[in-house]
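First up is the structure itself, then whatever we jot down about it.
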Amino acid sequence: MNTEKYIADIFNITNEKDFNTLALEAFYYQKENCSPYKEYLKIIDKIDIEPKNIEDIPFLPIQIFKNREVITSPEKTIDISGYKLFTSSSTTGMNPSKHYVKDLSIYEKSFISGFERIYGELSNYNFFALLPSYLERDGSSLVYMADKIIELVKANGGEGGFYLYNHNELLEKLIEVGKNESNSNKKTILLGVSFALIDFAKFVEDFFKQSYRDKDNNPFNRVIIMETGGMKGRGEELSRTYLHKLLKNAFYPAKIDSEYGMAELLSQAYSTKNGLFTTPPWMKIFIRDLLNPFQIKRLEKQKSISGGINIIDLANIHSCCFIETEDLGKLFSENCFSIEGRIEHSELRGCNML
């Protein structure tokens with residue numbers, strides 16, 4: 001495979017035919033050159049499969065990223081010291097997923113292009129990140145993404161930065177940015193993990209009990225709150241609907257959006273309305289039957305289908321493009337889906353496979 005041409009092609013996909021052609025190309029390449037995927041295909045008796053459609057491609061259980069080095073390379077000996085290691089967040093005592101990224105430029109191209117397809121040019125934004133649990137450990141792909149976005153935002157005259165638990169400082173900065181006339185044409189995004197945004201929301205509500213906030217004196221008039229999910233063991237997991245209600249009450253009239261990504265992926269999906277996510281052209285969502293994980297459901301006359309989420313992320317050419325996640329979801333159209341929660345006991349199947 002000419003990986004340079006492949007990478008250029010995935011970011012120029014314009015139709016379903018282009019996606020299918022590149023997905024099948026990636027499958028045959030990874031079947032031969034990704035040892036964990038090849039071994040998995042042998043275990044499920046699919047090593048000789050010749051898929052006619054992308055729905056026929058087997059998906060690798062995401063748990064394998066916790067136990068194996070999921071790397072695609074034609075080289076017999078792989079020097080992982082040249083790879084960037086991203087790890088998933090995990091609760092105490094759990095083994096995190098490890099994603100070895102050979103080429104960070106692919107990741108940067110993916111998250112910048114993916115963001116700008118939805119929100120427009122980064123030069124039109126200020127960007128702040130409230131990611132305490134991610135900043136307090138090494139290897140977060142989300143921190144890497146936010147850091148690069150903040151760097152680009154600042155290079156274009158915008159404001160940005162990371163915050164831990166210094167809520168007063170963050171609020172003061174949002175107020176300052178809102179009053180800055182040179183920033184009057186820029187919108188502000190505050191990206192945060194759920195538990196941190198909830199804590200900040202409580203701080204904001206308490207602060208404005210002591211301070212008057214009217215329509216013209218509101219730091220959230222031009223703010224987008226972008227939650228990226230996860231209580232990270234800091235509290236009970238909340239439904240996205242309930243979470244957004246809490247955030248809307250505290251940050252009114254800020255817009256509440258969502259980002260869906262994971263350490264094992266190089267691409268993200270975004271929700272700008274009603275909890276419905278859309279994917280970039282090089283990423284596609286599938287729904288599998290929970291009773292038969294090898295069966296992909298099809299959208300035909302139904303308005304939606306529900307089940308386990310499978311993902312093809314064509315940017316993952318140096319790891320694995322075909323991932324069976326542990327998330328429950330609902331698919332409404334080819335690139336429109338929602339997240340409905342996690343699959344109970346989801347760790348068992350992937351661990352036992354390899």
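The values are calculated or read from the model by the stated rules, or taken from the named source; none is laboratory data. Predicted, not measured: the structure shown is a model, and the values here were computed from it. In case anyone asks, the SASA skips ligands and DNA or RNA and just uses the protein heavy atoms, side chains included. Shrake-Rupley method; radii C 1.70, N 1.55, O 1.52, S 1.80 Å.
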Carbon/sulfur accessible area of the range 115-208, % of total, 1.4 Å probe, equals 44
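Just want to confirm a number: the relative contact order over the chain, from Cα pairs under 8 angstrom separated by 6+ residues, in percent. Walk me through the numbers before you get to the answer.
Working: 614 pairs, mean separation 66.4, N = 354.
The value is 19 percent.
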Please give the Cα centre distance for the range 172-199 versus the range 41-63, rounded to the nearest Å. 45
Accessible area of the chain divided out per residue, in Å², using a probe of 1.4 angstrom: 48
Once normalised by the length of the range 284-334, the mean sequence separation of its alpha carbon contacts under 8 Å that are 6 or more apart gives a contact order in percent of 39
Using the Cα atoms of the chain to build a convex hull, what is its mean projected area in square nanometres? 18.5
Students often forget the sequence filter, so: which lysines lie under 18 Å Cα-Cα from K301 once same-chain residues fewer than 8 apart are removed? K330
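To check you understand DSSP bridge types, tell me what percent of the beta bridges within the chain (both residues inside) are antiparallel, rounded to 5.
Numbers: 33 of 54 bridges.
Given both bridge residues lie in the chain, the antiparallel proportion sits at roughly 60 percent.
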Give me the mean projected area, in nm² to one decimal, of the convex hull enclosing the Cα positions of the range 117-199. 5.6
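Helix-only estimate, please: 222 nm mean residue ellipticity of the chain, summing -39500 (n - 2.57) across DSSP H runs of length 4 or more and dividing by its residues, to the nearest 500.
Result for the chain: -10500 deg cm²/dmol, rounded to the nearest 500.
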Beyond 23 Å between alpha-carbons counts as too far, so tell me which of K173/K255; K186/K284; K5/K109; K38/K102; K42/K284 fall in that bin. K186/K284; K42/K284
